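S.K.: Structure below; questions to follow.
The values are calculated or read from the model by the stated rules, or taken from the named source; none is laboratory data. The structure presented is a predicted model; accordingly, all values stated were derived computationally and were not measured. Glycine also receives a Cβ, built like all others from the backbone with ideal geometry; neighbour counts cover every protein chain displayed. The protein model used for the area step is the full one, side chains on, heavy atoms only, and it has no ligands, DNA or RNA in it. Shrake-Rupley method; radii C 1.70, N 1.55, O 1.52, S 1.80 Å.
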Amino acid sequence: MQRNPELSDVYQKVLSVKRILIDEDFCKGCGLCAGACPKKLLRIGSKLTKQGYPLVEISEADQENCISCALCARICPDVAITVIKAGKS
């Protein structure tokens, strides 16, 4: 990522963050996202949602390996995944 001298260092760091966010209120643990991930970073975890479904998870280390393709979000039938791509300045 190229640095923009007009932005503060803190804002530069915020722009460089990429995350996969999983909404526990909507995830039903179907596993479609895990199957769609080309890097195989998502998995069905042992934690259950409030509705009793197994929650999909991604480790902090795997967050760094994400290529932000958003296939997981596109295939999710319950719109439970948001992919935040690293910003460009």
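S.K.: Taking the criterion of being acidic (Asp, Glu) and modelled with pLDDT of 90 or more, would at least one residue in the range 5-20 satisfy it?
M.R.: Applying the first criterion (acidic (Asp, Glu)) to the range 5-20 yields 6, 9.
Right, trim to modelled with pLDDT of 90 or more and you get none.
No, the range 5-20 contains no residue that is acidic (Asp, Glu) and modelled with pLDDT of 90 or more.
S.K.: Let me ask something additional. Scan the helices (runs of 4 or more DSSP H) fully inside the range 23-75 and keep the ones with 2 or more residues being at pLDDT below 95 and open to solvent by 70 Å² or more (accessible area, probe 1.4 Å).
M.R.: Values: elements: 32-36, 60-65, 71-75.
Here the list reads 60-65.
S.K.: How about the range 38-69: which of its residues are within 21 Å of residue 84 (Cβ to Cβ) and among the small types (Gly, Ala, Ser)?
M.R.: Selection gives 45, 59, 61, 68.
S.K.: Picking from 81, 75, which residue would you name as being touching a residue at least 60 places away in the same chain (Cβ under 8 Å), closer than 15 Å to residue 31 by Cα and not aromatic (Phe, Trp, Tyr)?
M.R.: Testing whether each residue is touching a residue at least 60 places away in the same chain (Cβ under 8 Å), closer than 15 Å to residue 31 by Cα and not aromatic (Phe, Trp, Tyr) leaves just 81.
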